[in-house]
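Here's the structure, in structure tokens; my notes come after.
The values are calculated or read from the model by the stated rules, or taken from the named source; none is laboratory data. What you see is a predicted model; the values in this text were computed from it and never measured. Ideal geometry is used to build each Cβ from the backbone, glycine not excepted, and the neighbour counts take in all protein chains shown. Note: accessible area is taken over every heavy atom of the protein model, side chains too, but ligands, DNA and RNA are not part of it. Shrake-Rupley method; radii C 1.70, N 1.55, O 1.52, S 1.80 Å.
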Amino acid sequence: RVLTWCSDGPAQVWHTVDGTPVGVPMKHDGGIASAIFSPDDQQVVTSSGQLARLWTSQGTPIGLPMESQHHFWQARFSGDGQYVLTWSGEGTAQLWRASDATPIGQPMTHDALIEAATFSGNEKMVLTWSEDGTARLWRTSDAAPIGEPMRHQSKVLGATFTPGRMVKVYTVRSGDTL
């Protein structure tokens, strides 16, 4: 199946065999900025402005909309499909249960734009990185911070988990492994 979305309309799942729609369109007020399938292909998360939404792949909404005071940059599923992670340009990220779109814990915050966020391979941690010069680790179970922020001299452009569960962080000036 294929998932499409556009800036002035809904998201839609399509059959790859014949190009016909699967289910009904997934509509927001306004266009959709991002959309992604869950790992098992049974759910979709869409985001647009201050709203993200969970759907079945047939287009049926799941739970209430996931709302933020800030503009969502993107949303992604955990590898096991149990969680959704959203983040914004205003320095907040939020974990949600994929089963019913309820928030987990308090928002995870930075002092500046969050560039992106990702899950660890075992789904037990979230890694966020920001223009405030920090990367942060958070527990997936309750969105609580793990340890102190990993501080850099300049904005953090990227970060990732290594297979050995170390965190590799990239800044404007260097690629430091922590």
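Within the option set Thr134, Thr102, Thr140, being more than 17 Å from the chain's Cα centre (by Cα), polar (S, T, N, Q) and at pLDDT 90 or above holds for one residue only, Thr134.
Filtering region 105-114 to residues that are surrounded by fewer than 20 Cβ atoms within 10 Å (Cβ to Cβ) and over 15 Å from Ala52 (Cβ atoms) leaves Gly105, Gln106, Thr109, Asp111, Ala112, Leu113. Would a scan of region 41-50 turn up a residue that is aliphatic (A, V, I, L, M), modelled with pLDDT under 90 and not in a loop (DSSP other than H, G, I, E, B)? Within region 41-50 (the criterion being aliphatic (A, V, I, L, M), modelled with pLDDT under 90 and not in a loop (DSSP other than H, G, I, E, B)), the answer is no, since none of the residues qualifies. Checking Thr102, Thr60, Thr56 one by one, the residue that is in contact (Cβ under 8 Å) with a residue 12 or more places away in the chain, surrounded by 15 or more Cβ atoms within 10 Å (Cβ to Cβ), within 30 Å of Pro10 (Cα to Cα) and β-branched (Val, Ile, Thr) is Thr56 and no other. Candidates Gly79, Gly121: the one that is in contact with an Asp or Glu (Cβ under 8 Å, 6 or more places away or on another chain) and either at pLDDT below 95 or under 27 Å from Pro163 (Cβ atoms) (or both) is Gly79. Taken over region 41-53, residues that are of a type in the set (S, T, N, Q) and open to solvent by 20 Å² or more (accessible area, probe 1.4 Å) amount to 4. Pro25 meets each of the listed conditions (1) touching a strand residue (DSSP E or B) at 6+ places or on another chain (Cβ under 7 Å); (2) assigned to a loop (DSSP other than H, G, I, E, B); (3) open to solvent by 50 Å² or more (accessible area, probe 1.4 Å); (4) farther than 25 Å from Ser141 by Cβ apart from (2). Within region 66-87, being assigned to a strand (DSSP E or B) and polar (S, T, N, Q) holds for Gln74, Thr86.
All of (1) more than 13 Å from the chain's Cα centre (by Cα); (2) closer than 19 Å to Pro39 by Cα; (3) open to solvent by less than 30 Å² (accessible area, probe 1.4 Å) hold for Leu95 with one exception: (1).
Could we say that Gly19 is open to solvent by less than 60 Å² (accessible area, probe 1.4 Å), within 30 Å of Arg136 (Cβ to Cβ) and in a loop (DSSP other than H, G, I, E, B) here? When the stated conditions are applied, Gly19 does not pass them.
In region 115-125, the residue that is nearest to Gly158 (Cα to Cα) out of those that are assigned to a loop (DSSP other than H, G, I, E, B) and open to solvent by less than 40 Å² (accessible area, probe 1.4 Å) is Ser120.
The residue that is modelled with the highest pLDDT, counting only those in region 28-40 that are open to solvent by 30 Å² or more (accessible area, probe 1.4 Å) and farther than 17 Å from His15 by Cα, is Pro39. Every residue in region 126-149 that is surrounded by 19 or more Cβ atoms within 10 Å (Cβ to Cβ) and in a strand (DSSP E or B), please. If the condition is that a residue be surrounded by 19 or more Cβ atoms within 10 Å (Cβ to Cβ) and in a strand (DSSP E or B), then Val126, Leu127, Thr128, Trp129, Ser130, Thr134, Ala135, Arg136, Leu137, Trp138 are the ones that fit.
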